[in-house]
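The values are calculated or read from the model by the stated rules, or taken from the named source; none is laboratory data. Nothing here was measured: the structure is a model prediction, and the numbers come from that model. Every residue, glycine among them, receives a Cβ derived from its backbone with ideal geometry; neighbour counts consider all protein chains shown. Side chains included, ligands, DNA and RNA excluded: accessible areas come from the protein's heavy atoms. Shrake-Rupley method; radii C 1.70, N 1.55, O 1.52, S 1.80 Å.
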Amino acid sequence: MAKIMVSAGEISGDMHAAAVLKKVKEVNDSIQIFGMGSTALKEIGAEILIDPTKISTIGYIEALKNLKTHFKHLRQMKKLLRERKPDLVFLVDYSAFNMKLAKACSQEGIKAVNYFPPSAWVYNKRRASKMASYGTHIAAVFPMERDVYRQAGAEVTFVGHPLVDIVEVEKSEAEIKKDLKIDHQKPIITLFPGSRRGEIESLLPEMLKAVRKIKAKKPELEFLLSAADGIELEYLNSFINKFDLELKIIQKNNYQLMQISEFIISASGTTTLEASILNTPQIICYQAALTTYLLAKYLFKVQFVGLPNIIAGAEVVPELLQNDFEAEKIAELSLNWLNNKEELKKIKKELQTVRHKLGGGGAVKKTADLLLREGGLKNRG
């Protein structure tokens, strides 16, 4: 029986892996899938022997606390590799772990495909050279990822980013406003303060100060606040109440909110990429503890923080980082845009270039085809 071993260590990686392997099974339903992942992979019938998602962390210090468990999981996966001898190993994100597993695949003579590979274009290009030396086939989702791995000598297939297919809005602006009970005549600006409490505590108070300043000049505006999954409304309201603002909180409608907004004010992250795909202008905000920021500046040799700007290779949308992240500057930028719509039009045009660079769609199918081809699995039972 044909076999694929999967290694996905985080919730997002589990979802991306499941989407691809579901397509693989549509072509060859007899393929046995096993390894490391979580709920989404289980739902498509994968045999999940390790679920590390509960110990997945953000930050260097937090990751060190679970180092012993990570190494235990790596030993288990190497044992599976030797004992069950899959036709192919599918590595998804989870870079530090999957680089070690890629090396083990090379030593065992087993082919591996890496989707969302180590971000060698951000820092430490030697990681690209290592993956190339292991013979890992890179399924590149970003153009700069494709380039850095090709330069390192890796075999690369540019599949594009799966968000291009996922991010879409079918309803009109009028329909969305009606559904969300929003006055159809009011211009909208939406705040996206992040998906983690630490992020929200760092960014939302300053965003709300900016809202107060903007509303003083433009009372006709309506501001909305997007609530990320798992963030309680009472928690968000505790911030809003301190500023004596009327701000409607919306859950589970991110793409619709982006579609109806003049622009968004957002934490740096995937949200900014989703907004770019929808052609929505944005002010990107980032603030971290000084030690974390300085360490990141030292490690990550990149000019920009926001993904739209990194992909474009230029500042398409403004970034307010660290000391520059303050209410006065958010308000100044916002009022300039509201008073000069030509500037917003220009940004929208430049965001079309960002979307174009993410590929023409079909990333999931292209990656599934790559797995079937690399594993020689298309016509096998």
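General observations
- Top-ranked residue in the range 185-209 [being closer than 26 Å to K357 by Cβ and buried (at least 19 other Cβ atoms within 10 Å of the Cβ); ranked as nearest to the chain's Cα centre (by Cα)]: G194
- Considering residues of the range 70-85 that are under 16 Å from G375 (Cβ atoms) and out of contact with any Phe, Trp or Tyr (no Cβ under 8 Å at 6 or more places or on another chain) only, the residue least open to solvent (accessible area, probe 1.4 Å): L81
- Hits in the range 332-346 - residues which are touching a residue at least 60 places away in the same chain (Cβ under 8 Å) and either of a type in the set (D, E, K, R) or buried (at least 21 other Cβ atoms within 10 Å of the Cβ) (or both): S334
Residues checked against (1) in a helix (DSSP H, G or I); (2) under 23 Å from I277 (Cα atoms); (3) open to solvent by less than 50 Å² (accessible area, probe 1.4 Å):
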| residue | (1), (2), (3) |
| --- | --- |
| A120 | no, no, yes |
| N124 | no, no, no |
| K130 | yes, no, no |
| G135 | no, no, no |
| R150 | yes, no, no |
| H161 | no, yes, yes |
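- Among the candidates A112, A132, A96, A102, the residue that is under 29 Å from I310 (Cβ atoms), of a type in the set (A, V, I, L, M) and at pLDDT below 95 is uniquely A96.
- Unmet criterion (only one of (1) open to solvent by 60 Å² or more (accessible area, probe 1.4 Å); (2) touching a residue at least 60 places away in the same chain (Cβ under 8 Å)) for I182: (1)
- Counting residues in the range 305-314 that are closer than 21 Å to L204 by Cβ, among the aliphatic types (A, V, I, L, M), in a loop (DSSP other than H, G, I, E, B) and modelled with pLDDT under 95 gives one or more.
- Qualifying positions in the range 23-48 - open to solvent by 50 Å² or more (accessible area, probe 1.4 Å), without any contact (Cβ under 8 Å) to a residue 60 or more places away in the chain and either of a type in the set (K, R) or closer than 18 Å to A112 by Cβ (or both): Q32, K42
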